[in-house]
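Each value in this text was obtained by applying a stated rule to the coordinates, not by laboratory testing. Note that this is a predicted model, so its numbers are computed, not measured. No Cβ is skipped: glycine too gets one built from the backbone with ideal geometry, and neighbour counts run over all protein chains shown.
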Amino acid sequence: MKKTIFAVLIFILGILCSSDLKAYADQMVVKEDVVNVRSGPGTHHEQITQVHKNEVYEYISEQGQWVQIQLSNNRQGWVAEWLVHKNDKTMDKKKNSHLSLNYNGTNIRSGPSTETSIVGRGHKNEQYKIIGKEGSWYEIRYQNQKAYVADWIVKTQQKQPVNYEVASDSQSNLNGKTIIIDAGHGGRDPGAIGFTGTLEKDLTLQTADALKQKLQSLGANVKLTRQKDEYLALAVRNYHSLQSKADAFISLHFNSAPVNISANGISSYYYHFEDQHLAELIQQEMVVETRMTDRGVRLGNFHVLRENNKPAVLLELGFISNKSEEGVVTSPSYHTTVGQGITKGLVRYFAE
Ligand SMILES: [Zn+2]
């Protein structure tokens, strides 16, 4: 008798687990010949094994641009999202796996009820990934955490694919948009100084040029707050934005942490809450393009953001105090790829 009860319990547990896992019952197929598997979601985590092209692994979870997979012997590991793809069965299921918000100021909550705490607020037409459903509440991914939003204030829809590569001037949603690029520092203000002496003010100008070309190729009107090595007061940078009809203001910077020379990665800052989404989109696309460490999106009380009346973000594009990262971010190819990432983020922003 005891055995029967035990078996029933196991059976019920099995049902509970499998329904819980339904949303995750995905398989990942390895795209490249050899892919490193790491102990955590990032290239700074230790490599624990390798997987090979066309091998299939069960999907467990994801964080940022990293996917956790089930290995043999009950082990788990992390692979970069861009080196694997979900199998076709998964793709079908994922088509309806996003929702978009109907209203500005939508409460995003910690649990499936209006009694639970508010963890953030969303804006009309923002899209979130659906993880599951509890009663009338969708469980979503919000800033890399689980959160909930009521189903009566959202609509579920197929996420619109954005085709960045083929957009000609007339098709691009950047066509006619005015973007201000602010190359940080300049003149008597060198900004951060790199491990081997690179000056932040030079890198920001080089990146601004690469970004400008990319945006112009998609039909945007681009204005630079400075075009040469000159000192500009912060108020002057903002004057360009305040007086213009700009659709976005992008301030470019590079980071330095002389007391922690292993610090690395890129981050995006916003100040006004409504600019958080722009920062998120740009950060996501920059990380995909550059494969740099994702330091996330942060609130930053910077003058150029705070005193700005246009959608404004400040991007920290790598640590020049880190010798190897200084080598990466001083190469022209980095300016191109990071410019591509910023552009894709803006394309997505204006597509929503
Ligand atoms: Zn700076």
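Give the Rg/Rh ratio for segment 185-278, taking Rg as the radius of gyration of the Cα atoms and Rh as the Kirkwood radius, to two decimals.
On the way: Rg = 14.6 Å, Rh = 15.0 Å.
Looking at segment 185-278, the ratio lands at 0.98.
Could you work out which residue, out of Ser331, Ser72, Ser241, moves most in a Gaussian network model of the chain, that is, has the largest mean-square fluctuation with Cα springs under 10 Å?
Of Ser331, Ser72, Ser241, the most mobile in the Gaussian network model is Ser72.
Could you give the semi-axes, largest first, of the ellipsoid that matches segment 290-352, computed as the square roots of 5 times the alpha carbon gyration tensor eigenvalues and rounded to whole Å?
Numbers: eigenvalues 109, 56, 20 Å².
So the three semi-axes of segment 290-352 are 23, 17, 10 Å.
Run the numbers on the chain and let me know its relative contact order in percent, using alpha-carbon pairs under 8 Å that are six or more apart. Write down the numbers at each step before the final one.
Numbers: 730 pairs, mean separation 45.4, N = 352.
Reported as a whole number, the value is 13 percent.
Using a cut-off of 12 Å between beta-carbons, work out the net charge of the residues near His52 (Lys and Arg +1, Asp and Glu -1, His52 not included). Display every interim value, and only then the final one.
Working: positive: Lys31, Lys53; negative: Glu32, Asp33, Glu55.
Taking every other residue near His52 into account, the sum is -1.
In nm, give the distance between the simple-model label positions of Lys146 and Leu242, each being 7 Å from the Cα along the Cα-to-Cβ direction.
The answer from the label model is 4.7 nm.
Tell me the Rg and the Dmax, in Å, that the Cα atoms of segment 24-86 produce.
In Å, with Rg to one decimal and Dmax whole: 10.1, 28.
Using only Cα atoms, tell me the angle between helix 332-351 and the longest principal axis of the chain; keep it within 0 to 90° and round to the nearest 10.
The angle comes out near 70 degrees.
Percent of Cα-Cα pairs per 10 Å bin, from 0 to the last occupied bin, for segment 221-352, please list those.
Computed distribution, short to long bins: 13, 42, 37, 8, 0.
Hey, could you get me the Stokes-Einstein D for the chain, Kirkwood radius over alpha-carbon pairs, 20 °C and 1.002 mPa s, rounded to whole µm² s⁻¹? The partial results should precede the final answer.
Values: Rh = 22.2 Å.
After rounding, the answer is 96 µm²/s.
Under a point spin-label approximation (7 Å from Cα along Cα-to-Cβ), what is the Gln76-Asp229 distance to one decimal in nm?
5.1 nm
Using every Cα-Cα pair within segment 95-157, state what percent have a distance larger than 18 Å. Present the calculation step by step, with values, prior to reporting the outcome.
Numbers: 383 of 1953 pairs.
The calculated P(r) of segment 95-157 puts 20 percent of pairs beyond 18 Å.
How much FRET efficiency would the formula 1/(1 + (r/R0)^6) give for Ile60 and Leu299, where r is the Cβ-Cβ distance and R0 is 41 Å, rounded to 0.05? Mind dumping the intermediate values first?
Details: r = 31 Å, r/R0 = 0.74.
After rounding, the FRET efficiency stands at 0.85.
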